[in-house]
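Quick notes on the structure that follows.
No value in this document is a laboratory result; all are computed from the given coordinates. Because the structure is a prediction, the values reported are computed rather than measured. Positions of Cβ are backbone-derived with ideal geometry, glycine not excepted, and every protein chain shown enters the neighbour counts.
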Amino acid sequence: MTKKRLSIFASGSGSNAEKFFEHFKNHPQIEIVSVFTNNKSAGVIERADRFGIQHHVYNRTYWETGEQIIKILKEEEVDFIVLAGFMLLIPEKLVKEFSDKIFNIHPALLPKFGGQGMYGSNVHKAVKAAGETESGLTIHFVNEHYDEGKIIFQEKCQLEPTDSAEDIATKVLKLEHKNYPKVVEQEVLKSI
Ligand code: GRF
């Protein structure tokens, strides 16, 4: 049986990406075939190298139409895309080509604390400023709008009044690492 082929898009450290590399290392039905990044200094590159996974660096210009990216994804016979801390909007053409086949993770309980500008530490600072008693993670499919695609999975964590934005980030990241590869695995297996 041919395995389902996943590509990971990441702009930063890539700690979630590494969880995917580990989780799918010897998986019988799913494999990670490549990493795309828009940032030549992204930590995800070193992590991909360590796992022997090829990476592609394309700066912002290439993400406007996405044509070159789509061409490579087709050559690599990629079935699903996983966004793991990817900072640019996915071009419409790519979203259409991979309808319900692009996963994203958002470090808060959407629809709260989502949308343009809500990324990285901004999210956790906003959660803190709003005095929330809980936060969590959301895994969803990607459509043409930031953080608005169909929600697949959410999990909450409790917050203490003394938690700083960094503490909230740590709690949420732990949940992300625990859940993201497993949730994607379940969804991909449904397509087999
Ligand atoms: C995660 O919190 C993810 O939810 C957000 O960006 C962060 C990426 O962290 N979109 P890492 O690069 O996987 O370490």
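Overview of results
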| read-out | value |
| --- | --- |
| Candidates LYS96, LYS112 - the one that is within 16 Å of the ligand (Cβ to nearest atom), basic (Lys, Arg), within 24 Å of THR138 (Cα to Cα) and surrounded by fewer than 20 Cβ atoms within 10 Å (Cβ to Cβ) | LYS112 |
| Pairs, first within 10 Å of LEU83 (Cα to Cα) and among the aromatic types (Phe, Trp, Tyr) in the stretch 4-29, second part of a strand (DSSP E or B) and within 13 Å of the ligand (Cβ to nearest atom), C-beta under 8 Å, six or more apart | PHE9/VAL35; PHE9/THR37; PHE9/VAL82; PHE9/LEU83 |
| Single unsatisfied condition, HIS124 versus (1) under 30 Å from GLU31 (Cβ atoms); (2) in contact with a Ser or Thr (Cβ under 9 Å, 6 or more places away or on another chain) | (1) |
| So ALA48, is it more than 23 Å from LYS190 (Cβ to Cβ), touching a helix residue (DSSP H, G or I) at 6+ places or on another chain (Cβ under 6 Å) and of a type in the set (A, V, I, L, M) | no |
| Residue match in the stretch 38-58 (condition: in contact with a Gly (Cβ under 6 Å, 6 or more places away or on another chain) and of a type in the set (D, E, K, R)) | yes |
| Count - residues of the stretch 5-15 that are surrounded by fewer than 19 Cβ atoms within 10 Å (Cβ to Cβ) and touching an Asp or Glu at 6+ places or on another chain (Cβ under 9 Å) | 2 |
| Identity of the residue in the stretch 141-178, of a type in the set (S, T, N, Q) and out of contact with any strand residue (DSSP E or B) (no Cβ under 6 Å at 6 or more places or on another chain), that ends up surrounded by the most Cβ atoms within 10 Å (Cβ to Cβ) | ASN143 |
| Complete set of residues in the stretch 133-162 that are charged (D, E, K, R), farther than 30 Å from GLU92 by Cβ and more than 16 Å from the ligand (Cβ to nearest atom) | GLU134, GLU160 |
| Filter result for LYS125 (farther than 15 Å from ASN16 by Cα, surrounded by fewer than 16 Cβ atoms within 10 Å (Cβ to Cβ) and out of contact with any His (no Cβ under 6 Å at 6 or more places or on another chain)) | no |
